[in-house]
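What follows is one structure encoded as structure tokens, with my remarks underneath.
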Amino acid sequence: MALFKLPFTNKDTKKIHNSYDKVPDHIAIIMDGNGRWAQKKGLPRIAGHREGMDNIKRIVKIANTYNVKILTLYAFSTENWKRPSTEIDFLMKLPIDFLQHYLPELIEENVRIQTIGEIDDLPINTQTAILRAIENTSHNTGLILNIAINYGSKFEIVQSIKSICNDILQGEYKVDDITEETITEHLYTSHLTDPDLLIRTSGELRLSNFLLWQSAYSELWFTDTFWPDFDEEEFEKAINDYQKRKRRYGGI
């Protein structure tokens, strides 16, 4: 039994009167628990992944309602390739199905789709669907739906270091010129602000190689709710809890 209560769980969160006040600009979510949701209901794991896919549309609309500017969703990690091939094949088809069914609605909602991760390593049909969605929403000016797919934070940081080393060899930098900003500029997320709030569903209390550099000062919020059941009430609880925190960034 834990001897202390983590301050960033969703227990006993009290509703703030105005949930639209002090809303985080950038929310990142580790969408966890699809398989366990399905198993709990006596369904195959892929049923949970499909329900989780449908929930993305619901949460995007909710985030848009709250005027969130960036929503980063952890869809598929570099470690997920270790799963059974049948599950991987299904997961690779989900972006195609999702974009085929929901892209018109996302366009209507003024959502702009972007990705982080090594999409070049994805099956060609998956790549094509993603790139088409990015192109078709490139002129939208609303919420950025940033999908982390085939993404791993350690790999991202290594690639950033390699890129900086190459720039040094090309004479663009000296070693002493490297700063935190230099590394940030070489990450996948160089064009985005860092997450203000990072949410993980399903009760796991870890970051799982997700936005390790970018989340250095993110507020963390964990819920036992599986991703398919993560709804507007849970979303509002996370927002409410965020609104009560003071972000000191190491200061007083």
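For segment 57-81, what are the residues that are polar (S, T, N, Q) and either in a helix (DSSP H, G or I) or surrounded by fewer than 18 Cβ atoms within 10 Å (Cβ to Cβ) (or both)? Walk me through it before giving the result.
Filtering segment 57-81 down to residues polar (S, T, N, Q) leaves 64-65, 67, 72, 77-78, 80.
Matches in segment 57-81: N64, T65, N67, T78, N80.
Here's a check for you: in segment 18-37, which residue that is of a type outside the set (F, W, Y) and free of Cβ contacts under 8 Å to residues at least 60 places away in the same chain is nearest to L212 (Cα to Cα)?
The first filter runs over segment 18-37 and keeps only residues of a type outside the set (F, W, Y), leaving 18-19, 21-36.
So of that shortlist, the ones also free of Cβ contacts under 8 Å to residues at least 60 places away in the same chain come out as 18, 35.
Working: N18: 31, G35: 24 Å.
So the residue we want is G35.
Going by the conditions given, is D120 surrounded by fewer than 18 Cβ atoms within 10 Å (Cβ to Cβ), charged (D, E, K, R) and either at pLDDT below 95 or within 15 Å of I134 (Cβ to Cβ) (or both)?
Numbers: surrounded by fewer than 18 Cβ atoms within 10 Å (Cβ to Cβ): yes; charged (D, E, K, R): yes; either at pLDDT below 95 or within 15 Å of I134 (Cβ to Cβ) (or both): yes.
Criteria met by D120.
Does any residue of segment 76-83 turn out to be touching a residue at least 60 places away in the same chain (Cβ under 8 Å), closer than 28 Å to G142 by Cβ, among the polar types (S, T, N, Q) and out of contact with any His (no Cβ under 9 Å at 6 or more places or on another chain)?
Looking for residues that are touching a residue at least 60 places away in the same chain (Cβ under 8 Å), closer than 28 Å to G142 by Cβ, among the polar types (S, T, N, Q) and out of contact with any His (no Cβ under 9 Å at 6 or more places or on another chain), one finds at least one in segment 76-83, hence yes.
Would you be able to tell me the number of residues in segment 213-252 that are buried (at least 20 other Cβ atoms within 10 Å of the Cβ), under 30 Å from H186 (Cβ atoms) and among the polar types (S, T, N, Q)?
Residues flagged as buried (at least 20 other Cβ atoms within 10 Å of the Cβ), under 30 Å from H186 (Cβ atoms) and among the polar types (S, T, N, Q) within segment 213-252 amount to 2.
For a quick check of your reading of the model, give me the residue pairs whose first member lies in segment 132-143 and is surrounded by 10 or more Cβ atoms within 10 Å (Cβ to Cβ), whose second is of a type in the set (S, T, Y), with beta-carbon atoms closer than 8 Å and at least 6 apart or on different chains.
Every condition considered, the pairs that remain are I134/T115.
Just checking, does segment 103-117 include any residue being among the basic types (K, R) and within 23 Å of L192 (Cα to Cα)? Steps first, please.
As a first pass, look at segment 103-117 and keep what is among the basic types (K, R): 112.
Applying the additional criterion that residues be within 23 Å of L192 (Cα to Cα) yields 112.
Looking through segment 103-117, at least one residue is among the basic types (K, R) and within 23 Å of L192 (Cα to Cα).
Being more than 27 Å from G48 (Cα to Cα) and not in a loop (DSSP other than H, G, I, E, B) is the filter here; which residues of segment 232-252 pass it? Please lay out each step first, then the result.
Looking only at segment 232-252, we keep the residues that are more than 27 Å from G48 (Cα to Cα), and these are 240-252.
If the condition is that a residue be more than 27 Å from G48 (Cα to Cα) and not in a loop (DSSP other than H, G, I, E, B), then N240, D241, Y242, Q243 are the ones that fit.
With respect to D25, is the statement that it is surrounded by fewer than 18 Cβ atoms within 10 Å (Cβ to Cβ), at pLDDT 95 or above and not polar (S, T, N, Q) true?
Details: surrounded by fewer than 18 Cβ atoms within 10 Å (Cβ to Cβ): yes; at pLDDT 95 or above: yes; not polar (S, T, N, Q): yes.
Spelling it out, D25 is indeed surrounded by fewer than 18 Cβ atoms within 10 Å (Cβ to Cβ), at pLDDT 95 or above and not polar (S, T, N, Q).
The values are calculated or read from the model by the stated rules, or taken from the named source; none is laboratory data. Predicted model, so just to flag it, every value in this text is computed and none were measured. Note that we place each Cβ from the backbone using ideal geometry, even for glycine, and neighbour counts take in every protein chain shown.
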